[in-house]
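Values in this text are rule-based calculations from the coordinates and carry no lab data. Everything quoted here is computed from the prediction, not taken from an experiment. Here the Cβ is made from the backbone with ideal geometry for all residues, glycine too, and neighbour counts use every protein chain on show.
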Amino acid sequence: MEEVLLISRFITRSLILLSLWFLCFPPGVVCDTGNVSTSSNSSSKPKVINIGALFTLNSVLGEAAKPAIQAAVDDVNSDPTILNGVQLKLLISDTNCSGFIGTMEALQLMESDVVAAIGPQSSGIAHVISHVVNELHVPLLSFGATDPTLSSMQYPYFLRTTPSDHFQMYAIADIVDYYGWREVIAIFVDDDYGRSGISVLGDALAKKRAKISYKAAFSPGDTESKINDLLVEVNLMESRVYVVHVNPDTGLNIFSVAKALNMMGSGYVWIATDWLPSYLDSKDAVDSNTMNILQGVIALRHYTPDTDLKKSFMSKWNTLKYKGSAGHAGFNSYALYAYDSVWLAAHALDGFLNEGGNLSFSYDPKLHDTNGSMLHLASLRVFNGGEQLLQTLLRMNFTGVSGQIQFDPDKHLVHPAYDVLNIVGTGTRRIGYWSNYSHLSVVPPESLYTKPPNISTGSQHLYSVIWPGDTTSTPRGWVFPNNGQPLRIAVPNRVGYKEFASKDKSPQGVRGYCIDVFEAAISLLPYAVPHTYMLYGDGKRNPSYNELVSRVAQNVYDAAVGDITIVTNRTKIVDFTQPYMESGLVVVAPVKEAKSNPWAFLKPFTAEMWLVTAMFFLFVGAVVWILEHRINSEFRGPPRRQLITICWFSFSTMFFSHRENTVSTLGRMVLIIWLFVVLIINSSYTASLTSILTVQQLTSGIQGIDSLISSTEPIGIQDGSFALNYLVDELNIAQSRIVKLKNPEAYLRALKLGPKKGGVAAIVDELPYVELFLSNTNCLYRIVGPEFTKSGWGFAFQRDSPLAVDMSTAILQLSENGDLQKIHNKWLTHSDCSSQVNQVDENQLSLNSFWGLFLICGIACVLALTIFCCRVFTQYRRFSPEDEESEIETIEPSRSSRRSIRSTSFKQIIDFVDKKEEEIKEMLKRKNSNSNKQQTSIHSFSDGQASSPS
């Protein structure tokens, strides 16, 4: 039986290829272009125009399309506003779901000189027929062929009047991304329709950082037994998200078999393309058994706005005379697109005729029968106005029962949109919409077209879903493969630092800090994870961790657990969990106790701090002297005495032992602020000096990584560590200087020998290893310099493994509840001595710590001097030079002969400032008294003259 079936298929395919060969390349004219001969044509407007229809009548889509197309032709012919009395004549051909029969029917239909063809519904048949219409220049308006590849320039006369599967697959990718799934399994029919759609789905998922983990294809005629074998195979895989892209006539078999295999229960996700709603909508009432096997399925259906035209058409559907049965049966969204396809052709023909288009046909010499062929190719004629009609079709813009009919530059309908449905109970419930404009939303797409597009993650919304198993909790979307194979986990077989991970004789086979962290994290997962540990390395030397991570990426292992540092080149090939241990490279070097220094008392402050402090002592002393000099006798005297007073007063405030009293208000204000500054400086100096003299100071010839880079001494690293690549590639240290050490004992020997005896000057390693090493060295070695890299340890999984995300969450829980620290305390201990060398320079107090105090003190001094100068300037203006000269002549007659009375020099100002405050006040008092006497004498003289006789 199978041999007969194979022979039948071979003959069918051969006939298809033979017919296409004679159609496109007849013998004798393969390279001959020829001239098209034009038949006699009438220039007058025809009374009847033939249009064809090609689809499978006995199918879910065909049963909906046939009455819709016939009703549309009747509506066009009865509408006086279109075609001006020209009647459309519909010629229907049944393709019978066969590419070969479809081709033959198309050739016979073209013999009737049709100017346009409606259909087909099958993408596979559309591929074949498109070659026919390309040759004869007849536009093909398909209401059901959704294969995305049909939009290519290879098929210029193919025009799709329904949304392409390109958009449907991007809608599915958005749904997958919305729920956070990263892998899906595609179940599809193995033909042009199925393959092309799933290919686009893979591209759409890749943009969301997801993928199709397995493509499960089956032939359209496969039995339930073969489908059963296929689903059994996919059920053994990790992903539990299935996308079903099949034909509506046979698609339910998938769910029937899945139900029998218990694959429609909790934890499974089924997403069906528009074929499933098309099937359900075409039935008046779906039987309960069918609905039971579809519970929880998510499906997409073409979205058509609820316009008045659609409501009117829906009301007429139940009574259409072309239907085989009364009622709602047979209707689905493809009926709307088929109806609009006829109106699209009518509008285009109306425009074509109004523009002066001529419905004429001509013979092509390339199409002729040879050697007694019975194909009648010579009867086929080329539509001369095909190109003009095609361009008219592409320019059409009107509102049909399915919505707006308008094409974009890629020949797609504008505003493609879908309903997102959830099958529950005895029907479906809409949980949202998808449109190419705004993607997932819970409001109708047409209400969003007037707003700016927003496809950000936060703007995507769907209502709640009832999933298979009657649960509202979003399925995880994956499980561990049910193929009997536990998770293969590689563990580095270390030579040293076995506290982190090492071989063990227990049934588990390994032990250590990293193993305990992994086991604690995996116990927090809400599902079981069967796993087995596999040692990596020969146990004679530490394995290469880069090679270990590469083995995980190459699927040799499923994961790697151990002290694996998260570095850039490793994150490119695997996924790491959240770090469970902080790490970074540090330098370890021998140290010795620092010798006592006779100049240790200078160490608390930096040189800059000492200099600024000394300057402020002198500055504040000078300011106080200026403020007190005129009124305080303790700040007066010969210049030498006054200079000594300034210095003594300044530095005696350091110990609060100044004996001079301040009298002026400004001087007291400055002194109070300065004494506060001195108090802070003294306290800080005392504390720092105490620390320097009492705490043990350790020194090392290596100060950190910078001194190692500049030197030429050998550097030790742990064998297998990433430190080798970092030192050589990033820090440009010569590889000849690097010495690989296997274990802590090798560390000790190399450091004791030193660089001059074949050892190393310092060791560069990660902080967790160093802390464990230092705990057993009696504080002979310490960390010098800061940690110069920042990283962490994590568990490595294969790329896009969902387990990496769940394990990261579990590690965070361990950290929050304190279990991670308990495991750390169990395995790792630290010495009592400090692990890092004390740096004296780091303990020195710099100007940065005190500049605020100095700023406040400086502002107070400047403000006091400003007030003092203003007072002196005011007094000097009241005290005129003439009065000053007269007073000076009275007090010091010997000096008056050497100066001019009216000259005012800088020395005079200095002399005025140098006077005591009491003398200035007395001089101003006498000046005021003399002025009063002079005014009294002037008034008396004036009165005497007024009273004498003239």
Taking 0.36 nm per residue of separation between Asn848 and Val529 and subtracting their Cα-Cα distance, the length gained on full extension comes to 109.2 nm
A student applying the Cα gyration tensor rule (rounded when a/c is under 1.5; otherwise prolate if a/b is larger than b/c, oblate if not) would label the range 699-790 rounded
Once both label points are put 7 Å beyond Cα along the C-beta direction, the Ser112-Ile709 separation in nm becomes 8.5
Simple spin-label estimate for Ala600/Asp504, 7 Å along Cα→Cβ, in nm, reads 5.0
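Can you work out D for the range 490-553 in µm² s⁻¹ from Stokes-Einstein, where Rh is the Kirkwood radius over C-alpha pairs, the temperature is 25 °C and the viscosity is 0.890 mPa s?
On the way: Rh = 12.6 Å.
Stokes-Einstein gives a translational diffusion coefficient of 194 µm²/s.
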Residue separation between Leu780 and Gln87 times 0.36 nm, minus their alpha-carbon distance, gives in nm 238.9 nm
Taking a ≥ b ≥ c as the square roots of the eigenvalues of the Cα gyration tensor, with a/c under 1.5 meaning rounded and otherwise prolate when a/b exceeds b/c and oblate if not, the range 256-349 is prolate
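Given the Cα-Cα distance of Asp79 and Asn292 and 0.36 nm per residue of separation, how much length would full extension add, in nm? Could the numbers behind the result be given before it?
Working: separation 213, 0.36 × 213 = 76.68 nm, distance 4.60 nm.
This chain segment gains 72.1 nm when fully extended.
Taking the Cα centre of the range 666-819 as origin and charging only Cβ (+1 Lys, Arg; -1 Asp, Glu), how large is the dipole, in debye to the nearest 20?
Details: 11 positive and 14 negative charges, 166 e Å.
Rounded to the nearest 20 debye, it is 800 debye.
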For Gln578, other-chain or 5+-apart residues with amide H closer than 5 Å (H placed, Pro excluded) are Ser808
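What percent do you get for the relative contact order of the range 85-158 when only Cα pairs under 8 Å and 6+ apart count? Please report the intermediate quantities before stating the final value.
On the way: 88 pairs, mean separation 20.3, N = 74.
Result for the range 85-158 is 27 percent.
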For Asp203, placing the label point 7 angstrom along Cα-to-beta-carbon and taking the range 116-131, residues whose amide nitrogen sits under 19 Å are 123-124, 127
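Given a cut-off of 27 Å, name the pairs among Lys66/Lys211; Lys498/Lys740; Lys66/Lys259; Lys207/Lys411 whose C-alpha atoms lie farther apart than that in the structure shown.
Lys66/Lys211; Lys66/Lys259, as the Cα separations exceed 27 Å there.
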Once Lys and Arg are counted +1 and Asp and Glu -1 for all other residues with Cβ under 12 Å from that of Ser441, the total becomes -1
Relative contact order in percent for the range 397-457 (Cα pairs under 8 Å, 6+ apart) equals 19
Note on the range 503-631: contact order normalised by length, alpha-carbon pairs under 8 Å, 6 or more apart, percent, works out to 16
Expressed in nanometres to one decimal, the distance between label points 7 Å along Cα→Cβ at Ile859 and Lys822 is 5.5
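Calculate the FRET efficiency for Asn661 and Ser691 from the Cβ-Cβ distance with a Förster distance of 35 Å, rounded to the nearest 0.05.
Details: r = 37 Å, r/R0 = 1.06.
With a Förster radius of 35 Å, E is 0.40.
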For the range 193-267, whose charge dipole is built from +1 on Lys and Arg Cβ atoms and -1 on Asp and Glu Cβ atoms, the candidate among Leu205, Leu230, Ser256 with its Cα farthest towards the positive end is Leu205
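Grab the beta carbon distance between Leu812 and Met654, set R0 = 60 Å, and tell me the FRET efficiency rounded to 0.05. It would help to have the intermediate numbers written out before the result.
Values: r = 55 Å, r/R0 = 0.92.
Once the sixth-power term is evaluated, E becomes 0.60.
What does the charge count near Ala126 come to, summing +1 for each Lys or Arg and -1 for each Asp or Glu among other residues with Cβ under 12 Å from its Cβ?
On the way: positive: Arg160; negative: Asp147, Asp191, Asp192.
Counting the neighbours of Ala126, the net charge comes to -2.
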The alpha-carbon center of the range 668-694 and that of the range 528-563 are separated, in whole Å, by 60
